[in-house]
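Chemist: Provided herewith is a single structure, encoded as structure tokens, for subsequent inquiry.
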Amino acid sequence: MSSGIRFDRVSVAYGGTTVLDSLDLTVEPGEVMALLGPSGSGKTTALRAVAGFVRPVSGRVFLGGRDVTDEPPYRRGVGMVVQQYALFPHLRVEDNVAFGLKARKAARSEIRGRVAEALEMTGMADYARRRPRELSGGQQQRVAIARALAIRPSVLLLDEPLSALDAQLRSGMLAELTRLHRELPDASILYVTHDQVEALTLADRIAVMDKARLQDVGTPQELYRAPRTEFTASFVGNANLLPVTVGSGGVVLGGAELEVDTGDAARGASATLCVRPHLVGLGPGPNQVVGTVSEVQWRGATHRLYVDVDGHRVMADLRELREPPVHGEAVTLHFAPEDAVLLAAGVTDA
């Protein structure tokens, strides 16, 4: 079966409550699409609709151009990895990986070759005879991924596969998943996560979800540098979201006039100014504002300053300072005009 996923106005409801609302989204062949959003946003429901574990109340699901809405999970040919690993504790690693192939009644010789290939691809070839209890959490997750890969799926579904791992293991697995993506250039991957770092690292595009609806979609760079909505700006990376009024040549924040591209926004209109904390500098410069330090956090390579500017909290992430300002100190912050994005007031969803 060819790859690619298409949601055509897919809605899912439980007991009269809509948990996925009219999702229109296409994952191209060979693309990694991350579904990013908070708990309850509908992202896992969307993935389960692709797998066939939930049935839409309306809309259709297509895999490789084929309508699979009415087909059972075992006929869809997708590989799936969940956060709990779901390995059989009584089976050795090689038998766990072979499980899907045996269920499909593959030939014994084919099973041996596919299992060896999947274990090699995930770096688990030396652990084939071990049982899950003899593996670390990261190794167990590799086995779960190998099991999904063994059936050679055209569509791979990953449901928060790294959430149970500690930070160091998660970083290593992110690198492994990036490498696997290069080795599976034709597979479409749908990756569910609430972790923005995972989405920014792995995805070709990110679909931002909230309250059962698709809020925004684009490349990681597009969503980070030029978010369309306040929700996207706050969920994809940290952001200063400051209420401003559109002026004649920019915007007004408190008593400061700032040079910003206002597009076709009407003069006098209320809007929200988005500036990423790492793009805010300390000291005088273009678009400078004056405020009072309310908190200083040392984060190793950087200091984060929280500064009260006309009653609004502004974050600034600065390269580690030898003598950081102290609580209550008056400071000047600045940012370049091209580093700010103006969001129209009230723009909160797609």
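Chemist: Could you name the aspartates and glutamates in cross-link range of K43, using Cα to Cα under 14 Å and dropping any fewer than eight places away on the same chain?
Modeler: D21, D24, D159, E160, D195, D210, D216
Chemist: Run the helix sum for the chain: -39,500 (n - 2.57) per DSSP H stretch of 4+ residues, divided by residue count, reported at 222 nm to the nearest 500 deg cm²/dmol.
Modeler: Value at 222 nm, helices only: -7000 deg cm²/dmol.
Chemist: Return the sequence-ordered ³J(HN,Hα) values of region 14-27 in whole Hz as given by the Karplus equation 6.51 cos²θ - 1.76 cosθ + 1.60 applied to θ = phi - 60°, using x for Gly and Pro.
Modeler: Once rounded to whole Hz, the list reads 10, x, x, 9, 6, 10, 8, 10, 6, 6, 10, 7, 10, 9.
Chemist: Can you tell me, using C-alpha contacts under 8 Å and at least 6 residues apart, the relative contact order of region 1-69 as a whole percent?
Modeler: The normalised contact order for region 1-69 reaches 43 percent.
Chemist: Could you give the Stokes-Einstein D for the chain in µm² per second, using the C-alpha Kirkwood radius, 10 °C, 1.306 mPa s?
Modeler: Here the translational diffusion coefficient equals 70 µm²/s.
Chemist: Roughly what would the spin-label model give for Q288 and D308, points 7 Å off Cα along C-beta, in nm?
Modeler: Label-label distance for Q288 and D308, simple model: 2.2 nm.
Chemist: Now, a different point. Excluding residues on the same chain fewer than 8 positions from K102, give the aspartates and glutamates whose Cα lies under 20 Å from its Cα.
Modeler: Straight-distance partners of K102: E94, E110, E117, E120.
Chemist: Cut-off 10 angstrom, C-alpha nodes, Gaussian network model of the chain. Which of L253, L223, L190 fluctuates the most?
Modeler: L253
Chemist: Another one. Please tell me the relative contact order of region 238-344 in percent, rounded to the nearest whole number, where contacts are Cα pairs under 8 Å and at least six residues apart.
Modeler: Once normalised by length, the contact order is 32 percent.
Chemist: Also, quick follow-up: Only Cα pairs within less than 10 Å get springs; with that Gaussian network setup on the chain, which residue of A167, A203, A239 has the largest fluctuation?
Modeler: A167
Chemist: Can you list residues from other chains, or at least 5 along the same chain, whose modelled amide H is less than 5 Å from the amide H of G247?
Modeler: For G247, whose amide H was placed from the backbone, the distant partners under 5 Å are V252, G268.
Chemist: Using R₀ = 25 Å, calculate the FRET efficiency as 1/(1 + (r/R₀)^6) where r is the Cβ-Cβ separation of R179 and R152; round to 0.05.
Modeler: 0.90
Chemist: Follow-up question, since we're still on this one. Please tell me the relative contact order of the chain in percent, rounded to the nearest whole number, where contacts are Cα pairs under 8 Å and at least six residues apart.
Modeler: Taking the mean separation of contacting Cα pairs over the length of the chain, I get 17 percent.
We did not get these values from a lab; they are worked out from the coordinates using the rules stated. Predicted, not measured: the structure shown is a model, and the values here were computed from it. We place every Cβ from the backbone using ideal geometry, glycine too, and count neighbours over all the protein chains shown.
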